1. Tell me, which residue of segment A:571-595 that is surrounded by 21 or more Cβ atoms within 10 Å (Cβ to Cβ) and within 11 Å of chain B (Cβ to nearest Cβ) is modelled with the highest pLDDT?
2. Take segment A:474-495 and flag every residue that is of a type in the set (A, V, I, L, M, F, W, C), at the interface with chain B (Cβ under 9 Å from one of its Cβ atoms) and either buried (at least 20 other Cβ atoms within 10 Å of the Cβ) or closer than 17 Å to A:Gln535 by Cβ (or both).
3. Picking from A:Leu516, A:Leu506, A:Leu466, which residue would you name as being within 14 Å of chain B (Cβ to nearest Cβ) and buried (at least 16 other Cβ atoms within 10 Å of the Cβ)?
4. So if I check each of B:Leu89, B:Leu66, which one is more than 7 Å from chain A (Cβ to nearest Cβ), assigned to a helix (DSSP H, G or I), surrounded by fewer than 19 Cβ atoms within 10 Å (Cβ to Cβ) and modelled with pLDDT of 90 or more?
5. Mind telling me which of the residues A:Asn261, A:Asn247, A:Asn242 ends up being crowded, with 21+ Cβ neighbours inside 10 Å, in a helix (DSSP H, G or I) and within 10 Å of chain B (Cβ to nearest Cβ)?
6. Return the residue satisfying two criteria in turn: it lies in segment B:262-291 and is without any contact (Cβ under 8 Å) to a residue 12 or more places away in the chain and more than 7 Å from every other protein chain (Cβ to nearest Cβ), and of such residues it is surrounded by the most Cβ atoms within 10 Å (Cβ to Cβ).
7. Tell me the residue from B:Lys232, B:Lys207 that is without any contact (Cβ under 8 Å) to a residue 60 or more places away in the chain, touching a helix residue (DSSP H, G or I) at 6+ places or on another chain (Cβ under 6 Å) and buried (at least 16 other Cβ atoms within 10 Å of the Cβ), please.
8. Residues being over 21 Å from B:Thr374 (Cα atoms) and outside any loop (DSSP other than H, G, I, E, B): count how many of those fall in segment B:514-532.
Amino acid sequence: MPGPMRGRMPKGKKIENPGKVFKRLMKYVAKSYGLHLVVVAALIFVSVLANVQGTMFIQSLIDDYIQPMLTTDAPDFHPLAMAIMRVAGFYAIGVAAAYVYNRIMINVTQGVLRNLRNDLFSHMETLPIKYFDTHSHGDIMSTYTNDTDTIRQMVSQSMPQVFNSAITIVSVFISMVILSVPLTVVTLVMVALMLVITGKTAGLSGRYFLQQQKDIGKVNGFIEEMMEGQKVVKVFCHEEENIKKFNELNGNLYHSADKANYLANIVGPVNMQLGNVSYVVCAIVGGALALSGISGLSLGALASFLTFNRSFNGPINQVSQQLNSIVMAMAGADRIFKMMDEEPEADNGYVTLVHVKEENGRLVESDKRTGRWAWRHEHQADHTVDYVELKGDVVFDGVDFGYNDDKIVLHDVKLFAEPGQKIAFVGSTGAGKTTITNLINRFYDIQDGKIRYDGINVNKIKKADLRHSLGIVLQDTHLFTGTVKDNIRYGKLDATDEEVIAAAKLANADGFIRHLPEGYDTVLTGDGANLSQGQRQLLAIARAAIADPPVLILDEATSSIDTRTERIVQDGMDKLMKGRTTFVIAHRLSTVRNSDCIMVLEQGRIIERGTHDQLIEEQGKYYQLYTGNAIAT
Amino acid sequence: MIKTLAAQIKEFKKASILTPVFMIMEVFFEMVIPLMMASIIDDGVEAGDMRHIYLVGVFMVGAALLGLFCGIMGGKFGARASTGFARNLRQAMFDNIQTFSFSNLDKFSTAGLVTRLTTDVTNLQQAYQMLLRICFRAPISMICAMAMAYLINARLATVYLIALVLLAIVLFFIIKKAMKYFQLAFPKYDELNASVQENVSAIRVVKAYVREEYETSKLKKASQGIYDIFLKAERQVVLNMPVMQFTVYTCILLISWMGARMIVQSELTTGELMSLMTYCMNILMSLMMVAMIFVMMSMSIASARRISEVLNEKSDLANPVNPIYDVPSGDIEFRDVNFSYYEDGSKSVLHDINIKIKAGETVGILGGTGSSKTSLVNLISRLYDVSSGTVLVGGRDVREYDMDSLRNQVSVVLQKNVLFSGTILENLRWGNADASEEECRRVCRLACADEFVEKMPEGYHTYIEQGGSNVSGGQKQRLCIARALLKKPKVLILDDSTSAVDTATDAKIREAFAKEIPDTTKLIIAQRVSSVQHADHIILMENGKINGYGTHEELLRDNEIYREVYESQTSGGGDFDEKK
């Protein structure tokens, strides 16, 4: 049964060490299904033996049962009946074994796929943001779809097939040797010829298949890009050029696909007919041997041998046809393992976030929500434990940062945010505002300098705890498939319905949610495609609100929202900010004006800082930025 | 549907016919060879007749060579026909999509079109190859083998016939049940992939909320669900194998028993018995093949339907019979225009629009989300046709112009704009393929894109990644504006095209427009009042109607909504005016 076929096929790249990949894949399969595989192997063995028994019986049918009966006047069918019953028994065992091992293989295949997906996914979740920046989403997805698909092919079909064929080949080979050594040699020579020709054809076809994958990649890339920009194509009347370009790429794909398929198609017939030739050669050589009486080959044995000759070629043909899918699976496995080998986000932090209450002027850890948090700092030197109350005191000291080491985008950033303060970042596009906020929660690690959070180096804080203490509303909101309620609850998984509604009210989202067809139970799909930008933003705010974090990072995204919605969103944000240390990438005058401190960024440097009034007085960049009523995004 | 698709076979008709022909001829040799094999054993080996072995051997090698030839030819034409068919399908779809109007495009999602052009075509290619190579071959091979079996011995052949019918019935039920499960399984599989996709793009949210484990457990549940349902489906499929084996074995044993009796009674030779055994595999394997094809075909029906949907879609905008190629001026007029995205005119989004814009004017368009600003400007370059009324450019109805000429003269910078992979120069030259580098620099200066482009290591030759992922939102918008300017249009429409550009630069761009292209009519859709307040006129849209029209001062004085918007954008900025 074919799996769902994906358009984007694995890209044709050479695997460095196919043997190593194969070994690793086998190890992976054996890890959870080792015992299954042993049982399957044993059952395949049984099934093949039963099959060989049957073939042997057909041989002896003529020599041992029919021939003797022909010579007597009163043929006795009893021994034949007994033999048939016996073989029927063997067959029954064979069929049962085949059924059972196939059933087990389904479990193995689906199980391996499930485990692969789970492992890939849970590993992916630990990867740093940088990984997602540097790998196209299409490629990552392709690992889940195409690459696991090639593994499915191999585990479910190629593996048992090859094993089955191997056992058949060995057992038939032994039988052939017993019958006649010279004829076996003849057969082997023919098989060698077959293998050479198949190998050549498969190699050639493989080359074209790689070419085909490359061409498919190009065609699909072009298609994706142009479909995405089709409206732009129309506006620029670029249809003709597009068709021409596509025609060219499509033609290339046709040529490589034609050749690859052609060569793959002829492997079967070539093998089959070579098998027939092998049969004739054996018949002639065998006939000559038997008639001359040199090797003591009986005619009956020759007839049997010829049958074996036929059943020898079948499995060889099958193995050669599996080669392609094994090669593909190795390429897929290689990519899967590469992703699994990606370094996860480093986290050497040991300072954790705990709830505390105050007893006799000292902070004491509490296992209930108390509304107060503290950093539990266990000193590594002497294992004494300190509790530092979480206040939201953030200090950047001489921070340099670049997405790559060779391209620093933030230079010597110094910043002090005192608890409860509202810090606004202002500056033109690309000045580094979003980048700074990404450093506080350690989406990226800095190259130089220090970031302190309540006096603790953020590198010492466990990432999970650090991020729990920070609420973020990102500029581009992402919602998840699920109900509105689920999406808000994302901020606090154990929130009650009342809490969800309270958070929605705080964020001014309650109003529009109640107007949705199913209210809070409306199912959102495709990143909330059925909501407007403003509504999605409100949900993102509600999601941050329910988490109730002591520190907030807000990337005000208001450029694509109309003014009225914007005011509602703004209002929601204002309510959320009350009483918390807030870093806000500000676009609106009102937000900026009320800030305790405004940082003006330009090209990765803080060029001005101060309150609104101070900055206006300075008449610098900040002052300049007010040529309009709002501040740049 | 079949007709639509079959029309795309075109130059591969010959190959499509030759493939089954060769495949059927191959079947012929496949049938003859076992007969020869039997003859080698019966008349050669058993009789000890070496000459017979030679003779038949030579014939058999000849037959094998001919069979090989047919097999190779079948493979060759099969590959050609199917890959060629796929090529034509892709090309025909792509060509047709290029003629689509905006409303055609709205009907299909981008992802939907991509799937049709890629996955669906691949599915059909495989199905078509299968159809040509096996669909004719398997039944004919089955019938021939059956006929041969009957020729050899009718009584024994009847055993096969009975087995065939029984096996067919059992297979039918197994497949039917399996298909049911698969149909349930595939959507789930797609769902799983969609949720992975969602996670990849929302990874920042996941990490910000420390929800990695939560997401992982969600996925584990989903993948366990897939495991369960695929297990159910495959469990049905796996029944095929033992049923098949059981039938084959039963046949062999029955034939052995009955055959032996017949040989003893001299009604059958041993060689014939061996041939019958060969045909047994032939017949039952062919049946399996037919069943497989049936499954493959039924799975590709959905793909076939999706492809023919695209092929059958007709563009709903057509060029006039005697088009005008020259747009005389940048005058724009809307006369009693009503517009709806639906053909039947329901859910109208523009009502009774009447405006006159003189060439060279700058007009700002303001309004809330969904107030139909974009719909309004899209009518000017005839991206959609009006439902009633007329839109005039240069004094002529837009429907009288050649569409390409109109769109080259009326340049739109779309709200959702895209840069393509290629250098900056190549991207700019979408506006005008023959533009000199000097010309490109000039428009970049106008759009304030020159400063950052020149700072890039390779300047105008910097390579833009797919979707423009290596430039920021504001930079992208400025390049898009430059690209549109390169057309030297009579009308320039900016649909919220400076939203990610900072206010100062925004103002600089507007200034450059006023100075450098004074004769071009400029329509600017914006969210910020500041972007339009210096325009000659401002159109305020509200619910698909023009709510106000006038200069900034007039509207501020007379229009309540405008005043409200203005104040809200400057709220808390009581000292805003002093500041300037």
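The values are calculated or read from the model by the stated rules, or taken from the named source; none is laboratory data. Remember, it's a predicted structure, so these values are computed and weren't measured experimentally. We place every Cβ from the backbone using ideal geometry, glycine too, and count neighbours over all the protein chains shown.
1. Once the filter is applied, the top-ranked residue is A:Val592.
2. A:Leu474, A:Leu479, A:Phe480, listed by residue number.
3. The match here is A:Leu466.
4. Testing whether each residue is more than 7 Å from chain A (Cβ to nearest Cβ), assigned to a helix (DSSP H, G or I), surrounded by fewer than 19 Cβ atoms within 10 Å (Cβ to Cβ) and modelled with pLDDT of 90 or more leaves just B:Leu66.
5. A:Asn261 is the lone residue from the list that is crowded, with 21+ Cβ neighbours inside 10 Å, in a helix (DSSP H, G or I) and within 10 Å of chain B (Cβ to nearest Cβ).
6. Taking the candidates together, the pick is B:Met285.
7. The match here is B:Lys232.
8. Of the residues in segment B:514-532, 3 are over 21 Å from B:Thr374 (Cα atoms) and outside any loop (DSSP other than H, G, I, E, B).
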